[in-house]
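What follows is a single structure, written as structure tokens, with notes after it.
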Amino acid sequence: MDYVKHEGIRWTIVHGEYEGVERHALDVLYNIVQPHVPYLMTLHSHATDKQSLSDYNLIVLGTVRSNAWIAELSERGHIQPNPKAEGYAIKVFASPLNPERQMIVIAGADGNGTLYGVNDFEHYYLDPNEDDLYEKKRNFTEPMPEYEASSAPAIPERGFWTWGHVIYDYRKYMDHMAKWKLNFITIWNDFAPINAKEVTDYAHSRGIKVIWSFSWSWGEVCDPNDPEELNKWTERVLDTYETQYAHLGGDGIYFQTFTETKEKHIGGKLIAEVVVDWVNHIAGKLLERHPELWLKFGIHATSIEENYPLLAKLDPRVNITWEDAGAFPYSYDANDNQSIAETMQYTANIGGLRGEQEDFGLVIKGGTFLNWFAFEHQKGVIVLGQASEALIDSLSGQKARPYKQWRHQQAYWMKNLHNLLDTLKVIVEQNPKRIAAEALVEHGLWERYMWFPAALCAESMWNPYESAEEIIRKVALAKEVHFA
């Protein structure tokens with residue numbers, strides 16, 4: 001016997017497949033809705049007879065391929081799915097099955113798009129719909145406001161860059177990345193972590209590609225003009241990849257060389273010229289054996305500057321990921337905007353060096369970073385991202401380095417966000433073959449808090465054509481966002 005009934009207000013979810021990223025999307029959606037309702041949420045497969053659910057308010061989740069309800073709603077013109085990769089469409093309207101009930105459709109173009117639709121439904125529809133001023137609960141217990149949204153990323157590859165040893169909980173780190181529509185992570189280590197395969201698999205379940213990273217001479221004494229050094233490093237790179245990383249199921253390799261310097265010459269030759277020969281030789285040998293591998297070359301503009309045209313000779317199969325190319329968003333300090341006009345011009349110059357074959361990347365700074373005065377290289381293999389809650393707690397206080405860095409940076413992200421948006425638009429308008437933008441978020445306790453500047457960055461990478469004011473407004477209203 002039911003002592004309490006909820007006729008007329010009861011919601012249920014009609015889902016598509018329960019595997020891969022769509023599985024996670026359903027789990028997230030269920031846990032978003034359940035706290036709002038006074039009854040136990042239930043689920044129904046898309047194979048369920050429609051008329052049996054006509055007395056429910058319905059949330060329909062999935063893709064045209066995975067959920068027959070979404071396919072039919074699209075065919076009948078009730079919804080217009082977004083066809084672009086990772087795109088989504090959301091609609092809140094009167095249910096076609098019963099005009100006295102409501103229907104919410106979250107339709108992804110694919111698994112990632114489905115997950116991103118769920119997260120944006122929470123951040124940009126449910127969160128603003130809660131009346132926090134007068135504390136009136138509205139979501140799912142009162143009629144939901146009609147709503148329609150369709151979105152897809154302007155930049156296809158959006159991620160974070162970090163050293164591996166300062167990821168303290170890799171599961172929560174990845175979960176929080178997925179919450180903000182980030183789809184790859186670059187993780188640098190001196191040695192592949194012992195649990196690297198486990199980390200890779202978990203990231204994939206959240207729609208996140210993993211780019212494992214190691215040195216191609218960065219941080220070590222090296223004479224790149226010496227042919228013997230080049231041969232030694234070629235063998236070392238091949239051995240490192242094939243013994244430590246090839247079996248992990250990762251999605252690419254990021255590397256750095258000898259460009260992190262303000263010197264423009266090495267051994268009497270231009271670094272820009274020498275590094276092209278160095279990378280082309282090593283990458284060529286690696287791609288002979290592993291032609292499917294996405295290689296990302298992290299280059300520091302401080303040693304290149306006006307010699308950037310020489311990079312046009314770099315193998316077009318290799319992504320060039322630029323760092324330190326001017327003011328914020330390339331600067332560690334989000335308040336650094338003194339040379340922003342020159343930075344924009346430099347970005348335009350490097351954005352299409354290899355024409356239609358350009359694979360362009362950049363590292364967005366102005367977040368958290370290592371204390372290099374206390375740095376030492378890893379001395380061996382580590383366990384990545386399984387720190388105790390006690391350790392994470394000890395790093396999370398207001399006097400700790402991450403909090404103090406975020407507190408400084410968030411003020412200037414609000415002031416200078418337009419500089420990031422303008423930089424990203426310059427890159428998009430160069431029309432490279434591929435764009436990969438990633439933010440430096442290391443030792444920042446991202447696994448504990450979804451910090452405001454990092455969320456602003458993620459939204460900017462998704463759509464740099466939205467105004468800075470609107471991005472700041474809507475991200476600030478998302479309840480999961482944390483301010484220092």
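The values are calculated or read from the model by the stated rules, or taken from the named source; none is laboratory data. Please read all numbers here as calculations on a predicted model, not as lab measurements. A quick note on method: Cβ atoms are made from the backbone with ideal geometry, for glycine too, and the neighbour counts reach across all protein chains shown.
Does ILE472 satisfy being modelled with pLDDT of 95 or more, in contact with a helix residue (DSSP H, G or I) (Cβ under 9 Å, 6 or more places away or on another chain), over 16 Å from TRP163 (Cα atoms) and surrounded by 15 or more Cβ atoms within 10 Å (Cβ to Cβ)? Yes.
Within the set LEU362, LEU311, the sole residue that is farther than 21 Å from ILE185 by Cβ and in contact with a strand residue (DSSP E or B) (Cβ under 7 Å, 6 or more places away or on another chain) turns out to be LEU311.
Which members of the stretch 274-308 meet the condition of being among the aliphatic types (A, V, I, L, M), without any contact (Cβ under 8 Å) to a residue 60 or more places away in the chain and not in a strand (DSSP E or B)? Spell out the reasoning first.
First, the residues of the stretch 274-308 that are among the aliphatic types (A, V, I, L, M): 274-276, 279, 282-283, 286-287, 293, 295, 299, 301, 304.
Restricting the remaining residues to those that are without any contact (Cβ under 8 Å) to a residue 60 or more places away in the chain gives 274-276, 283, 286-287, 293, 295, 299, 301, 304.
Hits for the stretch 274-308 are VAL274, VAL275, VAL276, ALA283, LEU286, LEU287, LEU293, ALA301, ILE304.
Looking only at the stretch 131-146, decide whether some residue is of a type in the set (Asp, Glu) and either buried (at least 17 other Cβ atoms within 10 Å of the Cβ) or assigned by TED's automatic domain parsing to the domain that holds GLU198 (or both). Show your work before the answer.
Let us first name the residues in the stretch 131-146 that are of a type in the set (Asp, Glu), namely 131-132, 135, 142, 146.
If we keep only those that are either buried (at least 17 other Cβ atoms within 10 Å of the Cβ) or assigned by TED's automatic domain parsing to the domain that holds GLU198 (or both) too, we end up with none.
No, that holds for no residue.
If you go through the stretch 252-274 and keep only what is closer than 24 Å to ILE211 by Cα, crowded, with 20+ Cβ neighbours inside 10 Å and either β-branched (Val, Ile, Thr) or in contact with a helix residue (DSSP H, G or I) (Cβ under 9 Å, 6 or more places away or on another chain) (or both), you end up with ILE253, PHE255, THR257, PHE258, THR259.
Can you confirm whether the stretch 208-217 contains a residue that is in contact (Cβ under 8 Å) with a residue 40 or more places away in the chain and farther than 24 Å from ILE320 by Cβ?
So in the stretch 208-217, the residues in contact (Cβ under 8 Å) with a residue 40 or more places away in the chain come out as 208-217.
From the residues that got through so far, the ones that are farther than 24 Å from ILE320 by Cβ too are none.
No, because not a single residue in the stretch 208-217 is in contact (Cβ under 8 Å) with a residue 40 or more places away in the chain and farther than 24 Å from ILE320 by Cβ.
Answer yes if at least one residue in the stretch 429-438 is acidic (Asp, Glu), assigned to a strand (DSSP E or B) and within 27 Å of LYS197 (Cα to Cα), and no otherwise. Yes, there is a match, as at least one residue in the stretch 429-438 is acidic (Asp, Glu), assigned to a strand (DSSP E or B) and within 27 Å of LYS197 (Cα to Cα). For beta carbons closer than 7 Å, sequence separation of 6+ or different chains, a first residue in the stretch 435-455 that is more than 16 Å from LYS181 (Cβ to Cβ) and a second that is of a type in the set (Ser, Thr, Tyr), the qualifying pairs are GLU442/THR162; GLU442/THR368; HIS443/THR368; GLY444/THR368; LEU445/SER396; GLU447/TYR168; GLU447/TYR173; ARG448/SER396.
Pairing each residue of the stretch 97-122 that is among the hydroxyl-bearing types (Ser, Thr, Tyr) with any residue that is surrounded by fewer than 24 Cβ atoms within 10 Å (Cβ to Cβ) and in a helix (DSSP H, G or I), provided the two are 6+ apart or on different chains, yields C-beta distances under 8 Å for THR114/VAL21. Restricted to the stretch 396-420, and to residues there that are modelled with pLDDT of 95 or more and in contact with a Phe, Trp or Tyr (Cβ under 8 Å, 6 or more places away or on another chain), the residue that is surrounded by the most Cβ atoms within 10 Å (Cβ to Cβ) is TRP413. The test for being in a strand (DSSP E or B) and either touching a Gly at 6+ places or on another chain (Cβ under 7 Å) or at pLDDT 95 or above (or both) holds for TYR254. Looking across ALA334, ALA348, one residue alone is surrounded by fewer than 18 Cβ atoms within 10 Å (Cβ to Cβ), in contact (Cβ under 8 Å) with a residue 12 or more places away in the chain and small (Gly, Ala, Ser). It is ALA348.
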